[in-house]
Each structure stands twice: as structure tokens, then as C-alpha cells.
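Here the structure comes first, spelled out in C-alpha cells, and everything after it is commentary.
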Amino acid sequence: MAMFGKAKEQLEFVKKAREIQKKLQHEVFTVESGAVTVIINGEQKLQKVTLSKDDVNLEKLDVLEKDIKTAVESGIKKSQEFAANLMKDIGGFPGMGM
């Protein structure tokens, strides 16, 4: 009987994982930092980077580089927080500490 319980638990895990993945695929996060706007999806894939030409100062490329890094890191963090909340909302994954 214990074997069937494990199989049922694994099936439920797969079902929850697919549900989360589907939700993450459709979620997007737009983040701005200085002259940079990035769009990152819920799977943490960078979708688009846009530069505001009016705000870019070619004399200060170090500022632009910092803005790109900050925007990407912020987008990833938002995506991670969203995914964590999704897992928490549906009860996490049994046996995985979530």
C-alpha cells in the first residue's frame, strides 16, 4: 500500500509543478532603473531590454552598465518572489520543505 501512496504523492507533485510552470510562463515583470527598462517572464527569462535614448549619457557608460545590472537583478528577484508565493499558495511540494 505504501508504494501506491508514494506514486499518488509523486503524481500530485508533477501536477502541481505543471500548474506552477504554466502560471510562470504567462507572468511578466517590467522593471526600470535609470535609462533601462527590462521585461522578464516568470521563468526568469529576459524578454526585452529597452534604453531611453534621451536618458543615456555616452560619457557615463558605467552608470548605464549599473542600471542594466540593477534592472535585471530586480526583475529576477520579482520573478523569484512570485514563484515562491505561487508555491506557498498551492501548498508547496510535499517532502521538499516548501
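The values are calculated or read from the model by the stated rules, or taken from the named source; none is laboratory data. Quick caveat: nothing in here was measured; it's all calculated off a predicted structure. Here the Cβ positions follow ideal geometry from the backbone for every residue, glycine too, while neighbour counts run over all protein chains shown.
Quick notes
- Hey, Asp67 over 27 Å from Leu86 (Cβ atoms), at pLDDT 95 or above and not basic (Lys, Arg) or not: yes
- Residues in region 34-48 that are within 27 Å of Gln21 (Cβ to Cβ), surrounded by 14 or more Cβ atoms within 10 Å (Cβ to Cβ) and either modelled with pLDDT of 95 or more or touching a Lys or Arg at 6+ places or on another chain (Cβ under 6 Å) (or both): Thr37, Val38, Ile39, Ile40.
- Leading residue by the ranking (modelled with the highest pLDDT) among those in region 7-31 that are within 21 Å of Phe82 (Cβ to Cβ) and among the acidic types (Asp, Glu): Glu27
- Any hit, region 59-73, residues being in a helix (DSSP H, G or I) and exposed (fewer than 10 other Cβ atoms within 10 Å of the Cβ): yes
- Within region 35-49, tally of residues that are in contact with an Asp or Glu (Cβ under 9 Å, 6 or more places away or on another chain) and assigned to a strand (DSSP E or B): 3
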